[in-house]
1. Report, by chain and number, residues whose modeled amide H sits under 5 Å from the one on Gln75, excluding near sequence neighbours (fewer than 5 apart, same chain).
2. Neighbouring Cβ atoms within 10 Å as the yardstick, rank Lys107, Lys54 fewest first.
Amino acid sequence: MRFPHPLAVVPVVGQRFTIEPFALGGSGRSAGATVNVGAGVSMRLIADVSDWDKTQQGLALGQSGDPASPHWSDQLADWRAVTPRVFPFGAQAVAARTRDTLVLAPK
């Protein structure tokens, strides 16, 4: 599996945007292929309509596009292991699982 980034080819700084490729089991044509087959699988969402707070989500890398961020590839191990994370929906569930808040406001 490869996660090519357009900036990975830029001299000097490009290496920061590189995720080392790794092998995945199966293929799109084989029986028992992993659910991660294909570079187009960037997000997995398992919605539980009987209880929205039990919905799960998995990102291939992380929530940040900045390689200096701790969230750059913090979900890759979960994605590889096919273990999506809880994706809370209701206000109370979101508040209970919130770790950081980023407020963007004009000057």
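Since every read-out is calculated from the coordinates, none of them should be taken as a lab result. Values in this document were obtained by computation on a predicted structure and should not be read as measured data. Neighbour counts run over all protein chains shown; Cβ positions are idealised from the backbone, glycine included.
1. Gly62
2. Working: Lys107 2, Lys54 15.
With the fewest neighbours first, Lys107, Lys54 line up as Lys107, Lys54.
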